[in-house]
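Everything on this sheet refers to the single structure shown next.
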């Protein structure tokens with residue numbers, strides 16, 4: 001094979017950005033080097049990677065998508081191979097890119113990153129947050145090496161390790177009459193305004209909860225952030241269904257919420273660590289995965305969930 005690993009990385013960058021100029025900017029090289037890498041790849045393997053449109057950049061062909069996926073696996077293997085040959089030093093150095101679903105990231109990622117940095121101070125970890133679609137695209141195209149997210153809506157092409165089950169719970173104002181109940185039914189919410197986190201997977205999940213028991217929510221108010229949902233609930237503007245409970249019930253508004261378990265908890269998603277299938281994880285990614293598992297074995301992690309008595 002005449003094409004180099006460096007040229008393969010240029011091809012991946014072009015696919016990730018859908019643009020030769022943006023790929024060149026990321027890799028700090030000329031556009032001609034990106035073009036040469038694409039030409040070398042297509043000539044070497046006799047396939048067309050991209051359709052090039054002057055106004056829309058690069059569009060990856062079906063054969064190109066398969067080739068890009070396999071190339072990312074190859075580069076993962078090469079990185080793991082290089083790490084192993086550099087010695088048995090247990091100290092981890094360099095950079096690691098990980099992704100996380102935006103609504104759960106603040107309650108999990110800072111503690112995991114802090115503890116990992118304490119063990120490996122020479123390791124720099126970059127966190128990419130987003131909705132389910134964007135973070136999965138980041139994992140597929142090699143932008144990140146691992147995801148912490150829910151398994152609901154996770155693409156089948158990824159491998160995953162379960163970290164914890166995250167049953168849904170109700171979030172409401174402290175003076176709400178429903179706060180007097182130890183467990184609340186979805187049927188109690190038929191006339192209540194439902195505060196809904198305006199992310200596709202979150203919307204679909206909450207609606208599936210109601211459909212599962214044949215119940216119908218009241219008026220729906222869509223909000224753009226996890227903390228805005230909690231603040232609106234604390235102010236008595238409605239009730240919300242969430243799967244993560246931050247360590248404190250006080251919201252940004254200064255008001256506090258009350259959390260109650262739901263009687264109906266199915267479907268109940270798992271929080272998982274997702275990685276690309278078919279390739280070896282780097283030592284850095286494996287260390288991150290192990291630290292995630294250690295975190296979810298702690299009482300602090302269990303306090304993130306509201307479970308039925």
Legend entry - Degrees, to the nearest 10: 5-17 long Cα axis against longest axis of the chain: 40 degrees
Legend entry - the chain: relative contact order in percent, alpha carbon pairs under 8 Å with at least 6 residues between: 21 percent
Inset, instruction - Would you mind ranking 43, 169, 17 so that the residue whose beta carbon has the fewest other beta carbons within 10 Å leads the list? - result: 43, 17, 169
Legend entry - Length added when fully stretched, residue 70-residue 28, from 0.36 nm per residue minus Cα-Cα: 12.7 nm
Legend entry - Average Cα contact separation per residue, the range 5-71, under 8 Å, 6 or more apart, as relative contact order %: 31 percent
Legend entry - MRE, 222 nm, helices only [DSSP H, n ≥ 4, -39500 (n - 2.57), over the chain, to nearest 500]: -12500 deg cm²/dmol
Legend entry - Mean Cα-pair separation over length for the range 169-261, i.e. relative contact order, pairs under 8 Å, 6 or more apart, %: 46 percent
Inset, instruction - With a Förster radius of 41 Å, plug the Cβ-Cβ distance of residue 43 and residue 122 into 1/(1 + (r/R0)^6) and report the FRET value to the nearest 0.05. - result: 0.55
Inset, instruction - Based on other C-beta atoms within 10 Å, arrange 133, 228 from fewest to most. - result: 133, 228
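How big is the Cα convex hull of the chain in projection, averaged over all directions, in nm²?
The orientation-averaged projected area of the Cα hull of the chain comes to 18.7 nm².
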Legend entry - FRET efficiency, 1/(1 + (r/R0)^6) with R0 35 Å, evaluated for residue 4 and residue 277 via beta carbons: 0.90
Inset, instruction - Return the distance in nm (one decimal) between the two label points of a simple spin-label model at residue 129 and residue 36, each offset 7 Å from Cα along Cα→Cβ. - result: 4.2 nm
Inset, instruction - Report the residue, chosen from 113, 47, 244, that carries the largest GNM mean-square fluctuation when the chain is represented by alpha-carbon nodes joined by springs under 10 Å. - result: 47
Inset, instruction - Mark the label point 7 Å from the Cα of residue 248 along Cα→Cβ and return the residues of the range 218-236 whose backbone N is within less than 15 Å of it. - result: 227, 231
Legend entry - Projected label distance in nm at residue 198 and residue 63, using a 7 Å step from Cα toward the beta-carbon: 4.4 nm
Legend entry - the range 270-309, Cα convex hull volume normalised per residue, Å³: 79 Å³
Legend entry - Estimated translational D of the range 169-261 in µm²/s (Stokes, Kirkwood radius over Cα pairs; 25 °C; 0.890 mPa s): 188 µm²/s
Inset, instruction - With r as the distance between the Cβ atoms of residue 114 and residue 224 and R0 = 45 Å, compute the FRET efficiency 1/(1 + (r/R0)^6) and round to 0.05. - result: 0.95
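Beyond 21 Å, how much of the Cα-Cα pair distribution for the range 93-232 remains, as a whole percent?
That fraction is 53 percent.
Each value in this text was obtained by applying a stated rule to the coordinates, not by laboratory testing. Since the structure is predicted, the reported quantities are computational estimates derived from the model, not experimental observations. In this analysis, Cβ positions are derived from the backbone assuming ideal geometry, glycine residues included, and neighbour counts consider all displayed protein chains.
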